[in-house]
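To keep things clear, I will list the structure first and then write my remarks on it.
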Amino acid sequence: MNTLILSGDNEKDIQNAGKILNGGGLVAIPTETVYGLAANALNPVAVQNIFKAKGRPSDNPLIVHISEFDEIYPLVKFVPEIAKTLCEKFWAGPLTIILEKSDLIPNETSGGLSTVAIRMPQSEIARGIIKASKCPLAAPSANISGKPSPTKFAHVYEDMNGKIEGIVKGEDCTVGVESTVLTLATNPPKILRPGAVSYEDLRKFIPNLEIHHAVTEHLENDEKADSPGMKYKHYSPKADITISHLSFNEYKQFLENNPEYSALCFDGEENEINCKAVSYGEIYNSKSQAQRLFSALHELDEKGFAKVLARAPKKNGVGLAVFNRLIRACGFKEFKANVKIIGLTGTTGSGKSTVANSLKKLDYKVIDCDKISRDEETYKGECLQKLIKAFGSEIVENGSLNRKKLAQKAFVSKEKTELLNSITLPVISRKIEKMIADYVNLGAVKIVLDAPTLFEANADRLCTHILAVTASKNLRIKRIIKRDNITEEMARARMNAQHSSDYYIERADFVINTDDNKIDINEFNLYLEGN
Ligand code: TXA
Ligand code: MG
């Protein structure tokens, strides 16, 4: 078959794509999530051709795409209030909702189920094509079944050229992972597939929302799949991938000791590891990881990597969608860390010390990183010589380091501060590593690094998990005034010089909010045991 290449920027091409679809043909179209392989959702023969082109099992139902909210009514039996609320908030966008289907939806589209999945994409091109086709469009991802989903025109071209009537070329997909699939046909409602509209986003509207356990776990062979897509091998590149839950430093070490592995890491890390590597987004930016994951999986194959160790994404927010795709691409292979090293951090007044104390009671070993950096012992020897060379002999008094003088000399410019850090941070880090090793030798398996400047000091590289403590700004101010006996003005100034709570939340695997002054440390402990 000769596949027509159309442009998403060209109105004539959009109309042409619509005409082909209306006539029962197949056209791959860009959406904000991934490219979709579209056909008239109400035409059973056209829908069957989607399954043929993809090599997809026919019991796996398709998502029906619409261009306006009101187009949902003829497709379902009933639209509950909660569906209206969610669509108002998240449509047009990467959220698919499942409701009882109307008789208009053929069994071919719903995979024989009594329900139907509906989504209104945000992409203007996609909505333009739906409008031009004058019908709702069934559109699974436009890849051969089992392969990573396509987020670039080139991916679609590789899998679909010669098999379908047309491909509409658009920009690379901005979201990069498929839509969140939420079923409202069960009570309580459940997330069947995580996406860019996160569990946390949806829970604000559905307090009893659940996440299907197959999102993060392997479905047992004889278990019934609530979403047929769950049971199929997915997103697999040719490379044999394993997810690493090790700290970055251990990850680096593992790769050094096992040269048969390549790396799937975060941006910038490839410069620090001595092996072939592909990166898939910024370390503390799940959105960027979502956007890049599938193209990174494609790249692993283009580069011919055989064995790959992947850095683990976070499992909260959009990170859950990234984890869900990656764990499937890995065939559920994970390296878990034997010893869990938890970076405990947060702004001043957030209640970090109280959390540290509660953890001690649960037999976590806590290392006070601030104390190490304040202790002049830390800098003795070679480090002190380097400091003198950099900042002059005035920083030494009676043979030992005067930290106040050093601060006066160092914190005068960005360059000087960086110079100071380049000398002291590795020394502090080595000392922390030594303390960790000592605890491990004594049999500890849960070690906490209590570190307000965890990220600045690069101590997050030693951690397997990040635990952030937060509290509302007003409460933090009150606590600092009381604790340090300072004026409100000073407390506010100190607060404003620090990172916002969001800075820590974005980076954390788990967040404890201390606003009600009650700390449920058991919840964290349970989380850690499962992760
Ligand atoms: O972002 C997206 O949703 C993309 C773009 C193209 O819009 N489409 C997409 O479709 O990912 P597809 O077919 O690859 O994934 C649809 C998923 C499958 O896991 C399927 O099992 C599930 O939704 N699904 C569809 N209808 C369902 C239903 N009635 N009940 C349960 N699961 C359903
Ligand atoms: Mg798919």
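Checking the condition away from ligand 2 (no atom under 16 Å from the Cβ), over 30 Å from residue 505 (Cα atoms) and either among the hydrophobic types (A, V, I, L, M, F, W, C) or at pLDDT 95 or above (or both), which residue from 139, 154 passes? Don't jump to the end; show me each part of the working.
Working: 139 fails: away from ligand 2 (no atom under 16 Å from the Cβ).
None of the other options fit; the residue is 154.
Working only within region 9-33, note down all residues that are assigned to a loop (DSSP other than H, G, I, E, B), closer than 20 Å to residue 153 by Cα and away from ligand 1 (no atom under 12 Å from the Cβ).
Answer for region 9-33, where residues must be assigned to a loop (DSSP other than H, G, I, E, B), closer than 20 Å to residue 153 by Cα and away from ligand 1 (no atom under 12 Å from the Cβ): 9, 10, 25, 26.
Quick check, is residue 368 among the acidic types (Asp, Glu), over 30 Å from residue 480 (Cα atoms) and at pLDDT 95 or above?
no
Looking at (1) open to solvent by 10 Å² or more (accessible area, probe 1.4 Å); (2) in contact (Cβ under 8 Å) with a residue 40 or more places away in the chain; (3) of a type in the set (Lys, Arg), which is the one condition that is false for residue 119?
Of the numbered conditions (1) open to solvent by 10 Å² or more (accessible area, probe 1.4 Å); (2) in contact (Cβ under 8 Å) with a residue 40 or more places away in the chain; (3) of a type in the set (Lys, Arg), the odd one out for residue 119 is (1).
Given the residues 315, 287, 252, which is the only one that is part of a helix (DSSP H, G or I), open to solvent by 10 Å² or more (accessible area, probe 1.4 Å), more than 16 Å from ligand 2 (Cβ to nearest atom) and touching a residue at least 24 places away in the same chain (Cβ under 8 Å)?
After applying the criteria, what remains is 287.
Looking only at region 454-501, count how many residues are of a type in the set (S, T, N, Q) and either over 30 Å from residue 244 (Cα atoms) or surrounded by fewer than 16 Cβ atoms within 10 Å (Cβ to Cβ) (or both).
7
I'd like the full set of residues that are within 30 Å of residue 446 (Cβ to Cβ) and either of a type in the set (A, V, I, L, M) or open to solvent by 30 Å² or more (accessible area, probe 1.4 Å) (or both), limited to region 237-249.
Selection gives 241, 243, 245, 246, 249.
If you check every pair at least six apart or on different chains, which have Cβ atoms under 7 Å apart with a residue in region 184-205 that is without any contact (Cβ under 8 Å) to a residue 40 or more places away in the chain first and a residue that is within 16 Å of ligand 2 (Cβ to nearest atom) and among the polar types (S, T, N, Q) second?
From region 184-205, the pairs are 191/180.
Looking only at region 102-116, filter to residues that are touching a Ser or Thr at 6+ places or on another chain (Cβ under 9 Å) and either under 14 Å from residue 22 (Cα atoms) or open to solvent by 10 Å² or more (accessible area, probe 1.4 Å) (or both); which one of those is farthest from ligand 1 (Cβ to nearest atom)?
108
How many residues, within region 299-312, are aliphatic (A, V, I, L, M) and open to solvent by 10 Å² or more (accessible area, probe 1.4 Å)?
Qualifying residue count, region 299-312: 2.
Just checking, how many residues over region 350-365 are part of a helix (DSSP H, G or I), at pLDDT below 95 and buried (at least 20 other Cβ atoms within 10 Å of the Cβ)?
The qualifying residues number 1.
Being open to solvent by 40 Å² or more (accessible area, probe 1.4 Å) and under 21 Å from residue 12 (Cβ atoms) is the filter; apply it to region 158-181 and report the residue that is farthest from ligand 1 (Cβ to nearest atom). Outline the logic, then answer.
Restricting attention to region 158-181, the residues satisfying the condition of being open to solvent by 40 Å² or more (accessible area, probe 1.4 Å) are 158, 161, 163, 165, 169, 171-172, 174.
If we keep only those that are under 21 Å from residue 12 (Cβ atoms) too, we end up with 165, 169, 171.
On the way: 165: 17, 169: 15, 171: 15 Å.
Result: 165.
Would you pick out the residues in region 5-37 that are of a type in the set (A, V, I, L, M) and either open to solvent by 40 Å² or more (accessible area, probe 1.4 Å) or touching a helix residue (DSSP H, G or I) at 6+ places or on another chain (Cβ under 6 Å) (or both)? Can you show your working first?
Initially, region 5-37 is screened for residues of a type in the set (A, V, I, L, M), giving 5-6, 14, 17, 20-21, 26-29, 34, 37.
The answer is 5, 6, 14, 17, 21, 26, 27, 28, 29, 37.
If you check residue 238 against the conditions, is it closer than 22 Å to residue 461 by Cα and touching a residue at least 60 places away in the same chain (Cβ under 8 Å)?
The answer is no for residue 238.
Out of everything in region 34-60 that is in a strand (DSSP E or B) and within 27 Å of the chain's Cα centre (by Cα), what residue ends up being farthest from ligand 1 (Cβ to nearest atom)?
Looking at the filtered set, the residue picked out is 37.
Can you tell me which residue in region 385-412 is most open to solvent (accessible area, probe 1.4 Å), limited to those that are on the phi < 0 side of the Ramachandran plot and out of contact with any helix residue (DSSP H, G or I) (no Cβ under 8 Å at 6 or more places or on another chain)?
389
Across region 255-272, what is the total count of residues that are open to solvent by 10 Å² or more (accessible area, probe 1.4 Å) and part of a loop (DSSP other than H, G, I, E, B)?
Selection size over region 255-272: 6.
I'm trying to understand the selection: among the residues of region 1-54, which are within 16 Å of ligand 2 (Cβ to nearest atom) and free of Cβ contacts under 8 Å to residues at least 60 places away in the same chain?
Result: 51, 52.
For residues in region 514-531 being within 15 Å of residue 349 (Cβ to Cβ) and buried (at least 17 other Cβ atoms within 10 Å of the Cβ), which is modelled with the lowest pLDDT?
Out of the qualifying residues, it is 519.
Can you work out which of the residues in region 57-94 that are open to solvent by less than 40 Å² (accessible area, probe 1.4 Å) and within 16 Å of ligand 2 (Cβ to nearest atom) is modelled with the lowest pLDDT?
Step by step, filter region 57-94, then rank; the result is 60.
The values are calculated or read from the model by the stated rules, or taken from the named source; none is laboratory data. Every value quoted in this text rests on a predicted model; they were computed, and no experiment measured them. Glycine also receives a Cβ, built like all others from the backbone with ideal geometry; neighbour counts cover every protein chain displayed. In case anyone asks, the SASA skips ligands and DNA or RNA and just uses the protein heavy atoms, side chains included. Shrake-Rupley method; radii C 1.70, N 1.55, O 1.52, S 1.80 Å.
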